[in-house]
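What follows is a set of notes on a single structure, which appears directly below.
The values are calculated or read from the model by the stated rules, or taken from the named source; none is laboratory data. Values in this document were obtained by computation on a predicted structure and should not be read as measured data. Here the Cβ positions follow ideal geometry from the backbone for every residue, glycine too, while neighbour counts run over all protein chains shown.
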Amino acid sequence: MRALRQVVRRIGSENLSVLETSSARAAALLVGLLGISVAMRTTDLGGAFWIDEGISVGIAHHAFTTIPQVLHQDGAPPLYYLLLHAWIGVFGDSEAATHALSLTFALACVPLAYWVGLPVFGRAVGLVAATLAALDPYLTYYGQETRMYTLAAGLSFLVTGAYIRGIVLRRRRWLPVLALAIDAIVLTHNWGLFLAIGFGVATVVFARDRLRWDGALVALGAAVVYAPWLPTLLKQAAHTGAPWTTSPNLHALVLAPGAVLAGDGPLMAFAVAGCAGLALLARAGGPSRDVVRLLAVAGAVTILVAWTGSQFTPAWTGRYLGVIAGPLLLLAAAGFVKVGRPGLVSFILVLFLWGGFSVKDEKSNAKQIARAVSAELRPGDLIVTTHPEQTPVLRYYFGPQYRYLTTLGPVADPRVMDWRDALKHLKAATPSQDLAILGDVPVGRRFVVVTPVFRDYHAWDAPWTKLVYGTSARWLAAIEADRRFRRVAVIQTDEIARKKNYWKPLQAFVFVRSSSIPGAVGGDTSR
């Protein structure tokens, strides 16, 4: 920390190039950055799961060898879930334990960012990149979420560093590392394919002929390793797409890097000072010019391909853009250092803007709902949800001792959401199919219906979510109208939800089977 204070004092009177320091001092600075990063990224380590995290833990609880087969229902590649399975086997499946895996990947981004900047730009750029990685709210947020986004970001740094060493600097021993890193990122998140395309296009456009051959060898090696997964990817693409979001507009395309830089303000600071520095580097010649051009094209193509694909099959969301963290943060760091004092001012402004970021207290109230409702149920009772993809997180908090039913029908495996042709099936579903199952509930037994709280209507305007909105209302109305069932409790935590910024909070309706004859009134309601 002493080294960190000394460098901060020197920066105040100079510019970011003062970070061009000894390796020992750089190591001390990295340790200090890691300490700060740990402090920032453990404030909500035990926060409750939301939809996607429930899916992650549910998939990871399957046998290691069956996870790739289970993912035929989900649409994601397997690497993160295999790692999470192994992690859970050692540390357990609590919120804090599984979040710690993502935290580990987020912390790994700090030394990786330094390593990426080192061979061409030197220690100053490496340390600025490491600082950005240590404090970036994107990595702070997803470092406390049981999803694959920090793993994808870390692999993005690894791909970028191996590309610079293996392709730009022609250190050919790094080519196998680059091929394996590309395989790892595309087997972590499908948008890793877009990053691979971006680097491929950049290599074809700017690299010299001999470097293109090296790039072709890397592509061939990566393809050989990835090939066994390709049939599954094609099945997923044909059957598991659920349009839960709308197609992105041009505004989303232009501001896409802001998803990783945590907002439009930091993006503008980079655009003004960082791009000026990059322009100077691009004119300077040598490896620095090559790196700037190649990474700029790779990042831009990645975003453009993702945006274009989402015009046909909408799947655009900012959290997926972690795949460009490596190129983006390195370019930002290089630009800030090169432009001198304006870069220092912009860098400080970015850190100031990031300083106001905090992780939301909770992302879902599923945990609170489960705690409140469990007292109303006993093993074997039915839990019905009108938002099918909530089933895994509900199963996590309610437990395996209940049966689960959704608007898609009975759930054979509540640990995973079966997305195969889900939109088509939900369109064809009617309340009668679930009413028939509820009709088998013994007189006097209870069941619970969990529905979303429809507060932010703009969050429900995509084809899938709009259908969930409509079916939720129809299913609840049908159950309320059936005189075999009597509502005995309504459980809501919406006041807490408003305070804690829940995105799509839940509510629960507890019913009792009060009669064995449709249309009859009364019956045994004893427990």
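Numbers at a glance
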quantity: Test: residue in region 156-167 that is part of a helix (DSSP H, G or I), over 20 Å from residue 180 (Cα atoms) and either outside the structural domain of residue 399 (by TED's automatic domain parsing) or touching a Pro at 6+ places or on another chain (Cβ under 9 Å) (or both); calculated: no
quantity: Single residue of 440, 434 found to be of a type outside the set (Gly, Ala, Ser), over 31 Å from the mean Cα position of the chain (by Cα) and part of a helix (DSSP H, G or I); calculated: 434
quantity: Residue in region 436-453 that is over 24 Å from residue 56 (Cβ atoms), loosely packed, with under 15 Cβ neighbours inside 10 Å, at pLDDT 95 or above and in contact with an Asp or Glu (Cβ under 9 Å, 6 or more places away or on another chain) present; calculated: no
quantity: Selection from region 373-405 of residues that are more than 25 Å from the chain's Cα centre (by Cα) and within 19 Å of residue 70 (Cα to Cα); calculated: 400, 404
quantity: Within region 168-198, tally of residues that are under 19 Å from residue 118 (Cβ atoms), touching a residue at least 24 places away in the same chain (Cβ under 8 Å) and not β-branched (Val, Ile, Thr); calculated: 6
quantity: Close pairs (6 angstrom Cβ cut-off, 6 or more residues apart or separate chains): under 18 Å from residue 352 (Cβ atoms) and touching a residue at least 24 places away in the same chain (Cβ under 8 Å) in region 121-137, of a type in the set (S, T, N, Q) and buried (at least 22 other Cβ atoms within 10 Å of the Cβ) anywhere; calculated: 134/37
quantity: Some residue of region 35-43 being in contact with a helix residue (DSSP H, G or I) (Cβ under 8 Å, 6 or more places away or on another chain), closer than 30 Å to residue 420 by Cβ and outside the structural domain of residue 421 (by TED's automatic domain parsing); calculated: no
quantity: Total residues in region 308-328, condition in contact with a Lys or Arg (Cβ under 9 Å, 6 or more places away or on another chain) and free of Cβ contacts under 8 Å to residues at least 12 places away in the same chain; calculated: 0
quantity: Residues located in region 52-80, provided they are more than 19 Å from residue 390 (Cβ to Cβ) and touching a Leu at 6+ places or on another chain (Cβ under 9 Å); calculated: 64, 67, 68, 77, 78, 79, 80
quantity: Test: residue in region 365-384 that is in contact with a Leu (Cβ under 8 Å, 6 or more places away or on another chain), part of a helix (DSSP H, G or I) and either surrounded by fewer than 20 Cβ atoms within 10 Å (Cβ to Cβ) or among the small types (Gly, Ala, Ser) (or both); calculated: yes
quantity: Identity of the residue in region 11-55, closer than 18 Å to residue 333 by Cα and at pLDDT below 60, that ends up surrounded by the fewest Cβ atoms within 10 Å (Cβ to Cβ); calculated: 12
quantity: Conditions (1) over 19 Å from the mean Cα position of the chain (by Cα); (2) within 30 Å of residue 231 (Cα to Cα); (3) of a type outside the set (D, E, K, R); number of the one not met by residue 81; calculated: (1)
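Residue by residue, here is whether (1) outside any loop (DSSP other than H, G, I, E, B); (2) surrounded by fewer than 24 Cβ atoms within 10 Å (Cβ to Cβ); (3) at pLDDT 95 or above holds:
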{"site": "145", "(1), (2), (3)": "no, no, yes"}
{"site": "150", "(1), (2), (3)": "yes, no, yes"}
{"site": "179", "(1), (2), (3)": "yes, yes, yes"}
{"site": "199", "(1), (2), (3)": "yes, no, yes"}
